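In what follows, a structure is listed as structure tokens, so that the remarks can point back to it.
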Amino acid sequence: MTTFSHLECGLCRRTYQPSEAQGVCRCGGLLLARYDLELARRSWSRDWVRNAPATMWRYTPVLPVRTPGSVVSLGEGMTPLVRAERLGRRLGLNQLWIKDEGRNPTGSVKARGIACAISMILELEKRLAVIASLGNAAVGVAAYAASAGLEAHVFLPRSAARSVIAECRLYGAQVTLVEGGLAECVRALDRLPAAEGRHDLSAPREPYRLEGAKTLGYELAEQFNWDLPEAVLYPVGQGLGLVAIRKAFEEMEILGWIPGHTPRLIAVQTEGCRPLVEAFRQQRERAEPVRSVATVAAETAVEEPAGDFLALRALLASRGAAVAVTDSELLEAGLQMARLEGVLPSPEGAACAAAIPKLVEAGALDPHERVVLINTAGGLRSLEVWARRLGPAPAAETDKLGGLITPR
Ligand SMILES: *Cc1c(COP(=O)(O)O)cnc(C)c1O
């Protein structure tokens, strides 16, 4: 049973009842779900979790869904933690792991948050899920809405990967393609006429995606047997994934589940869109919006990160860092991950790998500490990006075995 009690603004701390709140606080701040963690501490335990279902719903007491019948699940969470010895050595680390979020339903970390938010839509008795998204979140909404028997309408940039657009349609969602980036998609969605029963899942317009996303932090602790690693690298767009895992660490400290330290959080962006890295470098509390974005790490191409304030605070509170890499560094690192570990990453996950040598060089990572890189999505959805990196298709030339010779 959940110990969910109320929502609280992350900026001004005003509180709301779940039923009265939709979207952000009156002051514009993000709403965060709060739980009766004292009750959870008394009635819940790490031993109990050990025998719970192998999905993110094993952490139900700290998720907001009140009626078990509202839970919509495709088996999200409990993704593998892959020991990456060869890649680690190549990048300068002795102990590197890849947390492979590409193994979630719909192929990305977004499945966690969307599963939780769609469950809450059922609980709040809404019928239509809408979202403006760069891609992965829209695919998640389309699939989970289908699973819940709800309608979905997604707004995507015209430049979204072909697979993203096809998948949304295959799951039965209405798709609107918008000229421009995320900001234009949000504006297009906001032009929809008001409608009864509609629920907007665009980040950060509802508080429950963050709760699902937070289970990644719980899982890391559990998979490390409650002795968390020294550093976690996360590719940031809105910054909400990072905020979510920090929230998990803070909750687990109150639960008494992680007696040791919490990891340093390291935010990774690309040179083509780096508002959070810039804000961190300048020690600002908020990020300056960027006007134009250009990067193959499409999911982090967020002009105006909604989670900026909380993400920057999470970086500071964890004594973390923020770093940007170039697209060509990212592509090279992604290829290494595929060839040395058998994991084809998302461009965003590859960005984290590319950041490691820079961090080691700068002394922000020690070669001997335990480091986890979050591969936020599988690489297949970005096949166009990886295919470009491989170069043109081979000339039709047959080798002695009678097959085509392809360059590596
Ligand atoms: C959404 C997403 C991110 C960024 O997450 P934020 O919460 O927006 O910071 C990174 N990588 C992938 C693959 C994503 O889908």
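The values are calculated or read from the model by the stated rules, or taken from the named source; none is laboratory data. Note that this is a predicted model, so its numbers are computed, not measured. For neighbour counting, all protein chains shown are included, and Cβ atoms are generated from backbone atoms with ideal geometry for every residue, glycine included. Keep in mind that these areas ignore ligands, DNA and RNA; they rest on the heavy atoms of the full protein, side chains included. Shrake-Rupley method; radii C 1.70, N 1.55, O 1.52, S 1.80 Å.
Brief remarks follow.
- Entry remark, region 31-76: residues being surrounded by 15 or more Cβ atoms within 10 Å (Cβ to Cβ), out of contact with any helix residue (DSSP H, G or I) (no Cβ under 8 Å at 6 or more places or on another chain) and over 24 Å from Asn104 (Cβ atoms) number 3 in total.
- Unmet criterion (only one of (1) buried (at least 21 other Cβ atoms within 10 Å of the Cβ); (2) outside any helix (DSSP H, G or I)) for Trp226: (1)
- All helices (runs of 4 or more DSSP H) inside region 291-408 with 1 or more residues being of a type outside the set (Asp, Glu) and farther than 26 Å from Thr106 by Cα: 308-317, 327-341, 347-361
- When Val186 is tested against (1) out of contact with any Cys (no Cβ under 8 Å at 6 or more places or on another chain); (2) in contact (Cβ under 8 Å) with a residue 60 or more places away in the chain; (3) within 15 Å of the ligand (Cβ to nearest atom), just one condition goes unmet, and that condition is (2).
- If you check Leu390, Leu404 for being more than 16 Å from the ligand (Cβ to nearest atom), among the aliphatic types (A, V, I, L, M), in contact with a strand residue (DSSP E or B) (Cβ under 9 Å, 6 or more places away or on another chain) and more than 22 Å from Ala84 (Cα to Cα), only one passes: Leu404.
- Qualifying positions in region 104-125 - of a type in the set (D, E, K, R) and either in contact with a helix residue (DSSP H, G or I) (Cβ under 9 Å, 6 or more places away or on another chain) or within 13 Å of the ligand (Cβ to nearest atom) (or both): Lys110, Arg112, Glu123
- The listed residues are Ala393, Ala321, and the only one of them that is out of contact with any Gly (no Cβ under 6 Å at 6 or more places or on another chain) and at pLDDT below 95 turns out to be Ala393.
- Members of region 98-147 that are among the β-branched types (Val, Ile, Thr) and outside any helix (DSSP H, G or I): Ile98, Val109, Val130, Ile131
- Pair list, Cβ under 6 Å, 6 or more apart: region 350-368 residue closer than 17 Å to Gly320 by Cβ and open to solvent by less than 70 Å² (accessible area, probe 1.4 Å), other residue at pLDDT 95 or above and β-branched (Val, Ile, Thr): Ala351/Val268; Ala351/Thr270; Ala351/Val325; Cys352/Val268; Ala355/Val268; Ala355/Val323; Ala355/Val325
- Glu348 vs. criteria at pLDDT 95 or above and more than 13 Å from the ligand (Cβ to nearest atom): no
- Test: residue in region 166-179 that is part of a loop (DSSP other than H, G, I, E, B) and over 22 Å from the mean Cα position of the chain (by Cα): yes
Table: residues versus (1) open to solvent by less than 60 Å² (accessible area, probe 1.4 Å); (2) closer than 29 Å to Cys9 by Cα.
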{"site": "Leu91", "(1), (2)": "yes, no"}
{"site": "Thr106", "(1), (2)": "yes, no"}
{"site": "Met120", "(1), (2)": "yes, yes"}
{"site": "Glu125", "(1), (2)": "no, yes"}
{"site": "Ala161", "(1), (2)": "yes, no"}
{"site": "Ile165", "(1), (2)": "yes, no"}
{"site": "Ser202", "(1), (2)": "yes, yes"}
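- Of the set (1) surrounded by fewer than 16 Cβ atoms within 10 Å (Cβ to Cβ); (2) modelled with pLDDT under 95, all apply to Val24 but (1).
- Pair list, Cβ < 9 Å and 6+ apart or interchain, from region 286-304 residues that are free of Cβ contacts under 8 Å to residues at least 60 places away in the same chain and closer than 16 Å to Val186 by Cβ to residues that are hydrophobic (A, V, I, L, M, F, W, C) and away from the ligand (no atom under 13 Å from the Cβ): Pro289/Ala183
- Test result for Asp308, of a type outside the set (Ser, Thr, Tyr) and more than 12 Å from the ligand (Cβ to nearest atom): no
- Unmet requirement for Ala138, which otherwise passes all of (1) open to solvent by 40 Å² or more (accessible area, probe 1.4 Å); (2) at pLDDT 95 or above; (3) not β-branched (Val, Ile, Thr): (1)
- Subset of region 238-252 [open to solvent by less than 10 Å² (accessible area, probe 1.4 Å), farther than 9 Å from Ala213 by Cβ and within 12 Å of the ligand (Cβ to nearest atom)]: Gly239, Leu242
A quick yes/no check of all residues on (1) of a type outside the set (Asp, Glu); (2) within 16 Å of the ligand (Cβ to nearest atom); (3) in contact with a Lys or Arg (Cβ under 8 Å, 6 or more places away or on another chain):
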position	(1), (2), (3)
Glu179	no, no, yes
Pro235	yes, yes, no
Gly260	yes, no, no
Arg264	yes, no, yes
Ala267	yes, yes, no
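- Criterion violated by His261 - all others in (1) of a type outside the set (Lys, Arg); (2) at pLDDT 95 or above; (3) open to solvent by 10 Å² or more (accessible area, probe 1.4 Å) satisfied: (2)
- If you go through region 1-17 and keep only what is within 10 Å of Leu31 (Cα to Cα), part of a loop (DSSP other than H, G, I, E, B) and open to solvent by less than 30 Å² (accessible area, probe 1.4 Å), you end up with just Gly10.
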